Structures are given as C-alpha cells and as structure tokens.
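Asks: Quick one: the structure is below, and I'll ask about it shortly.
The values are calculated or read from the model by the stated rules, or taken from the named source; none is laboratory data. The structure displayed is predicted, hence computed values, not measured ones. Ideal geometry is used to build each Cβ from the backbone, glycine not excepted, and the neighbour counts take in all protein chains shown. The protein model used for the area step is the full one, side chains on, heavy atoms only, and it has no ligands, DNA or RNA in it. Shrake-Rupley method; radii C 1.70, N 1.55, O 1.52, S 1.80 Å.
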Amino acid sequence: MKNRASRILVALLSIYSVVASADETQVAVAANFAAPVQKIAAEFEKQTGHKAIVATGATGKFYAQIVNGAPFDILLAADDETPAKLEKEGQSAVGKRFTYAIGKLVLWSAKAAVVDDKAEVLKRGGFDHLSIANPKVAPYGAAAVETMKALGVYDALQPKIVMGENIAQAHQFIATGNAPLGFVALSQVLKDGKIEGSYWIVPEKLYSPIRQDAVLLNKGKDNKAAAAFLDFLKTNKAAKDIILSYGYSL
Amino acid sequence: MNFTPSDWAAIRLTLELATLATALLILFGTPVAWWLAHTKSRLKPLVTSLVAMPLVLPPSVIGFYLLVFMGPNGPLGHLTQSLGLGTLPFTFTGLLVASCIYSTPFVVQPLHNAFEAIDDRMYEAAATLRAGPIDRFFSVAVPLAKPGFLTAAVLGFAHTVGEFGVVLMIGGNIPDKTRVVSVQIYDYVEALEYGEAHRLAAVMLIFAFVVLFLLYTFNPTRKKAA
C-alpha cells in the first residue's frame with residue numbers, strides 16, 4: 001500500500017517536472033489585441049515549444065498591477081506611453097521597447113446602414129447612445145474623443161456617450177445592441193477581411209497614431225520564453241501576417 | 001474632505017439609488033417574505049431559491065444577462081420599448097432594476113425570518129378580538145417584526161451602496177446618471193489617481209463599518225426566543 005502511494009507520488013512529481021521544464025511566459029495584453037495574440041501564441045507554441053499564457057485587459061489596469069508586483073513577464077500595451085513610463089520607473093528592461101502594431105480606430109454599428117462612409121451619422125444624430133472606451137485610461141477611447149473633437153461634434157455628442165471600462169466592453173455594448181454605434185478598434189470587428197454591420201474607418205489624420213508598444217518587464221528578464229516571444233512578435237513573418245490581417249499597420 | 005463636484009454627484013446618485021431600491025424592495029419584498037413565512041405550497045423551495053440566487057451568482061453573470069435581457073433584442077428590452085420607455089441599460093432606471101434584483105435576498109431573507117419567528121397564537125389572539133387579516137398584519141406582524149424590517153432596510157441600502165460589478169457592466173459610466181461611488185473609485189484607481197481614490201474609498205470603509213456597527217448594536221438578534 002505504502003509502495004503504491006509512493007509510486008503515485010513519484011509519477012505525479014515527474015509529470016510536474018516535465019511541465020515545469022517547458023518554458024512559459026505570462027503576457028499581459030491590451031484588450032484590442034486579444035484576438036490576434038491568441039493566434040500568435042498558438043503559432044509561437046507550435047514553432048518554439050514555449051508557451052505564452054495570455055491575460056487581456058485595460059492597459060491602465062495592467063500598469064497598476066505591474067507596479068504592484070503582478071507576475072507578468074511582458075506587456076503588450078495599447079499605447080506607447082505606458083511602456084515608456086514603466087521603463088522610466090525601472091519596471092522593465094531598458095532598450096527593449098518596440099512598436100508591435102499601430103492600431104486603427106473604426107466607427108462601428110452591429111447593424112447595416114447605420115454608419116455611412118462619411119460618418120454623417122455623427123453630425124445627424126438620431127441615436128441615443130454612442131459607445132467608447134473610457135478615454136481616461138484607454139488609448140482607443142482617447143482617440144475617439146480626439147476624432148469627435150476634430151470633426152467638431154464632441155460637444156453635441158457628449159450627453160450620448162456611454163463608456164466601457166476598456167475597448168472590449170465598449171465593443172460589447174455595441175454588439176449586444178445596447179448602443180447602436182460606437183468607436184472600437186478595427187481589430188475587434190475585422191474578421192477574415194470582412195466587417196459585419198456598418199462602419200467607417202476613421203482617417204488617420206483625425207487622431208494621433210495609436211502606437212502599441214511591447215515591453216519586457218523585470219519579472220521576465222531571465223525568462224527564455226519571454227525573450228523568445230518578444231523576438232517572435234518582432235521578427236516572425238507569421239506573427240506579422242496575423243497582425244496585418246487584423247487591420248493594424250506595422 | 002476635498003471632494004470634487006463629480007465625487008459629490010456620484011455620492012448623491014449612490015444615495016438616491018440605494019434609497020429608492022430599499023423602498024421598492026421593502027414594498028415588494030414584504031408580501032413575498034410574508035408568503036414564504038406562511039405558505040405550505042410546494043412552490044416555496046422554488047421561490048426561496050430564486051430569492052437567494054443573487055447571493056451565489058457572480059455579478060458578471062447578473063450583469064451579462066441583464067445587458068442581454070434589457071437590450072433592444074432582449075425580452076425586457078422589447079417590453080420597455082413597446083411601452084415607449086426605450087431600453088434600460090445606461091439609465092438610472094436600469095440601475096434601479098438591477099439593484100433591486102441584486103439586493104433582493106438582503107431584504108427578503110431578514111423579513112422572512114422575522115415573520116416566521118412570530119408565534120401564530122398572536123394572530124389567533126388578534127383574530128378573537130375581531131382583527132381582520134390586514135389589521136392583524138399591521139398591528140401584530142409589523143410591530144413584532146420591526147427588528148427584521150430594520151435589518152432588511154439597512155442591509156438592502158448598504159448592499160446597494162456596495163454594488164459594483166453589475167453597475168459596471170450595464171451602467172456605461174455616465175456622470176450624474178450611472179456613475180456611482182464604487183465606479184468613480186474604480187476610475188480613479190485605473191487612472192492611477194490614488195489620492196482621489198483613497199478619499200472616497202475611506203468614506204465607503206467608514207460608512208460600511210458604522211452602518212453595520214449601529215445595526216448590530218441597536219438591533220440585537222432575538223437570543224431570548226432561542
């Protein structure tokens with residue numbers, strides 16, 4: 001009986017050691033990059049054998065968590081300011097920052113014929129809610145406000161704005177029909193080169209470029225899988241194709 | 001306390017929401033609790049379970065279903081639209097509906113317990129004095145269940161003030177309409193404005209303690225009866 005128990009224990013321990021020796025990295029990812037990073041992580045695992053464990057959320061929240069000791073090796077932010085700040089504050093490896101994608105903003109409705117290709121709908125009104133991400137913490141939300149200001153419609157639209165905690169929630173408000181339209185990331189609505197519903201891809205001159213930077217955090221400095229993942233994201237052709245296929249530019 | 005105007009707006013909104021939700025819950029929760037305390041129906045376990053559900057369900061589940069049900073394609077959304085009320089998410093009314101659902105067990109359960117603890121002979125005695133059912137309810141049950149009403153009101157109010165997840169999911173964070181204190185604090189934390197967050201969070205902490213302390217000091221449970 002004792003012998004059997006110890007054999008089971010040895011078996012369990014050996015399984016554990018196999019799992020532990022496969023390199024893993026914890027990656028915090030901005031909500032707009034949730035879909036592409038899943039594909040990239042799968043490709044990464046296939047090509048390198050390392051595993052990237054992904055958590056998605058608002059960049060601002062990740063910043064607060066990282067500063068307070070969250071166990072992330074890498075941050076794929078929705079902006080370039082947060083990674084710069086982390087580097088300045090000694091939370092990340094120096095000189096390892098790079099832009100992995102440049103995001104695009106889109107005015108989107110889940111229904112056809114709501115959004116026209118000149119965004120006249122913003123001037124015409126006639127809708128009750130306009131969904132955006134909280135501009136205080138989400139770069140795509142800030143870009144949405146910038147766009148509305150550039151079009152001179154912000155003051156008129158302000159009472160109709162509803163805010164998602166991050167861009168994923170802003171999208172969810174529209175997808176469930178609770179907000180007839182709103183500003184989201186192109187990557188959230190572009191599937192296989194198509195967009196359901198109606199949309200207007202916001203011209204890039206209306207908002208500051210959404211440069212999304214990646215950064216190697218202190219916790220990941222000695223993690224082989226973390227270094228490999230950043231390298232994969234930066235140089236691998238398959239990864240770049242995935243990023244482009246979601247409407248980002250590089 | 002240097003609260004900003006938007007802090008004050010959030011505080012006022014939270015108090016309004018909690019007050020209205022508590023009033024509605026006492027109004028509609030009392031008959032339910034009364035029924036639960038006296039029924040011999042086979043539906044009793046069903047209703048008891050439904051009332052207790054919000055205790056167990058994560059706010060994300062309640063928030064998600066409310067968003068779908070109250071949305072333009074949901075059953076409740078169809079109803080409110082056909083009544084010309086529009087849809088409920090992102091409105092104060094929507095938050096009120098959500099709060100009532102979310103805080104139901106905190107009001108109904110204490111009332112249910114209080115009604116159940118009343119000796120049936122009290123009603124019989126009142127009946128021999130020709131008190132009708134309604135009279136018996138107001139002149140026997142309500143006074144005897146007073147501690148239950150107090151507990152129900154305080155917990156219903158405090159729990160609504162402490163609500164966060166559901167509001168975050170269906171509120172849309174609109175100043176003066178759906179941005180309650182808990183959401184305002186979350187905003188501050190997310191924006192790394194920890195000083196502002198601390199001020200409001202400290203108020204919530206003190207509020208929660210004082211309310212519960214007063215409740216348990218002045219409303220002791222009926223030990224004698226046991």
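Asks: Just checking, which of B:THR87, B:THR80 is without any contact (Cβ under 8 Å) to a residue 12 or more places away in the chain, touching a Gly at 6+ places or on another chain (Cβ under 7 Å) and either open to solvent by less than 20 Å² (accessible area, probe 1.4 Å) or not polar (S, T, N, Q) (or both)? Working first, answer last.
Replies: On the way: B:THR87 fails: without any contact (Cβ under 8 Å) to a residue 12 or more places away in the chain.
Just a single option satisfies the conditions, and that option is B:THR80.
Asks: Quick one: is B:THR39 farther than 25 Å from B:THR178 by Cβ and open to solvent by less than 20 Å² (accessible area, probe 1.4 Å)?
Replies: Working: farther than 25 Å from B:THR178 by Cβ: yes; open to solvent by less than 20 Å² (accessible area, probe 1.4 Å): no.
Judged against the criteria, B:THR39 is not a match.
Asks: Right, something else. Among the residues of segment A:161-176, write down those that are within 9 Å of chain B (Cβ to nearest Cβ), open to solvent by less than 40 Å² (accessible area, probe 1.4 Å) and closer than 15 Å to B:GLY63 by Cα.
Replies: Once the filter is applied, which keeps residues that are within 9 Å of chain B (Cβ to nearest Cβ), open to solvent by less than 40 Å² (accessible area, probe 1.4 Å) and closer than 15 Å to B:GLY63 by Cα, segment A:161-176 yields A:GLY164, A:GLU165, A:GLN169, A:PHE173, A:THR176.
Asks: Suppose we keep only residues that are touching a Ser or Thr at 6+ places or on another chain (Cβ under 7 Å) and more than 14 Å from every other protein chain (Cβ to nearest Cβ) within segment B:50-98. Which one would you say is nearest to A:GLY126 (Cα to Cα)?
Replies: The extreme case among them is B:PRO54.
Asks: Follow-up. Go through segment B:157-200 residue by residue and tally those that are open to solvent by 40 Å² or more (accessible area, probe 1.4 Å), assigned to a helix (DSSP H, G or I) and within 13 Å of B:ILE11 (Cα to Cα).
Replies: Summing the residues that are open to solvent by 40 Å² or more (accessible area, probe 1.4 Å), assigned to a helix (DSSP H, G or I) and within 13 Å of B:ILE11 (Cα to Cα) in segment B:157-200 gives 1.
Asks: Assigned by TED's automatic domain parsing to the domain that holds A:ASN166, within 14 Å of A:ASN166 (Cβ to Cβ) and outside any loop (DSSP other than H, G, I, E, B): is that true of A:ALA64 in this structure?
Replies: It is false that A:ALA64 is assigned by TED's automatic domain parsing to the domain that holds A:ASN166, within 14 Å of A:ASN166 (Cβ to Cβ) and outside any loop (DSSP other than H, G, I, E, B).
Asks: Give me the pairs, please: first residue somewhere in segment B:186-203 and without any contact (Cβ under 8 Å) to a residue 12 or more places away in the chain and facing another protein chain (nearest Cβ under 8 Å), second residue anywhere and part of a helix (DSSP H, G or I) and open to solvent by 50 Å² or more (accessible area, probe 1.4 Å), beta-carbon distance under 6 Å, and either six or more positions apart or on two chains.
Replies: What qualifies is B:GLU190/A:LYS61.
Asks: Considering segment B:94-126 alone, what residues qualify as being over 22 Å from B:LYS44 (Cα atoms) and open to solvent by less than 40 Å² (accessible area, probe 1.4 Å)? Talk me through it step by step, then tell me what you get.
Replies: Step one: filter segment B:94-126 for residues over 22 Å from B:LYS44 (Cα atoms), giving B:94-99, B:121-122, B:124-126.
Passing the criteria: B:GLY94, B:LEU95, B:LEU96, B:ALA98, B:SER99, B:ALA126.
Asks: Among the residues of segment B:127-156, write down those that are surrounded by 14 or more Cβ atoms within 10 Å (Cβ to Cβ) and among the charged types (D, E, K, R).
Replies: Filtering segment B:127-156 down to residues surrounded by 14 or more Cβ atoms within 10 Å (Cβ to Cβ) leaves B:127, B:131, B:136-137, B:140-142, B:144-145, B:147-156.
Once the filter is applied, which keeps residues that are surrounded by 14 or more Cβ atoms within 10 Å (Cβ to Cβ) and among the charged types (D, E, K, R), segment B:127-156 yields only B:ARG136.
Asks: Right, something else. Which of (1) open to solvent by less than 60 Å² (accessible area, probe 1.4 Å); (2) within 13 Å of another protein chain (Cβ to nearest Cβ) is the odd one out, the single condition A:GLN158 does not satisfy?
Replies: (1)
Asks: Just for segment A:107-149: of the residues that are closer than 16 Å to A:GLN172 by Cβ and of a type in the set (S, T, N, Q), which one is farthest from the chain's Cα centre (by Cα)?
Replies: First, pick out the residues of segment A:107-149 that are closer than 16 Å to A:GLN172 by Cβ: A:108-111, A:129-134, A:138, A:140-141, A:144.
In the following step, the residues that additionally are of a type in the set (S, T, N, Q) were identified as A:109, A:131, A:134.
On the way: A:SER109: 20, A:SER131: 18, A:ASN134: 15 Å.
Among them, the one singled out is A:SER109.
Asks: How do the pairs read when you match residues in segment A:210-224 that are part of a strand (DSSP E or B) with residues anywhere that are surrounded by fewer than 21 Cβ atoms within 10 Å (Cβ to Cβ) and basic (Lys, Arg), using Cβ under 6 Å and keeping only pairs 6 or more apart or on different chains?
Replies: A:ASP213/A:ARG97; A:VAL215/A:ARG97; A:LEU216/A:LYS96
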